[in-house]
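Working notes for the structure below.
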Amino acid sequence: LSFYAPDKDTSEIFDLCKSAISDNSLSCALNAINEECVKSFLQGKISFLDIIPYIKKSIDKSVSVC
């Protein structure tokens with residue numbers, strides 16, 4: 001296996017994670033949404049590559065409600 005540093009410029013999840021570090025409620029929401037997405041992936045309901053878009057969409061919806 002070869003591991004490379006992530007490209008932080010093209011992966012939007014890094015910005016979301018940085019925001020979550022300073023906001024406890026966002027951090028909790030991010031964790032809960034991720035757990036549900038991983039559960040859906042393991043059940044075969046979504047693909048692995050769907051996880052980040054679902055997380056971002058869910059966070060965007062929850063932020064716009066508040």
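The values are calculated or read from the model by the stated rules, or taken from the named source; none is laboratory data. Please read all numbers here as calculations on a predicted model, not as lab measurements. FYI the Cβ positions are ideal-geometry reconstructions off the backbone, even for glycines, and counts take in every protein chain you see. These accessible areas exclude ligands, DNA and RNA; they are computed on the full protein's heavy atoms, side chains included. Shrake-Rupley method; radii C 1.70, N 1.55, O 1.52, S 1.80 Å.
Taking +1 at the Cβ of each Lys and Arg and -1 at the Cβ of each Asp and Glu, which of 3, 53, 20 sits farthest along the dipole of the chain towards its positive end, judged by Cα position relative to the Cα centre?
53
With every protein chain kept in place and ligands, DNA and RNA left out, what is the accessible area per residue of the chain? Probe 1.4 Å, answer in Å².
Heavy-atom accessible area per residue stands at 81 Å².
Ignoring everything but the protein chains, give the 1.4 Å probe accessible area of residue 15 in square angstrom, nearest 10.
90
Could you work out how much longer the chain between residue 18 and residue 43 gets when fully extended? Use 0.36 nm per residue separation minus the Cα distance between them, nm to one decimal. Display every interim value, and only then the final one.
Working: separation 25, 0.36 × 25 = 9.00 nm, distance 2.89 nm.
Fully extending the segment from residue 18 to residue 43 adds 6.1 nm.
Run down the lysines and flag those whose C-alpha is under 24 Å from the C-alpha of residue 45, throwing out any fewer than 8 positions away in its chain.
56, 57, 61
Could you estimate the translational diffusion coefficient of the chain from the Stokes-Einstein equation, with Rh from the Kirkwood formula over C-alpha pairs, at 20 °C and 1.002 mPa s, in whole µm²/s?
Rounded to a whole number, D works out at 166 µm²/s.
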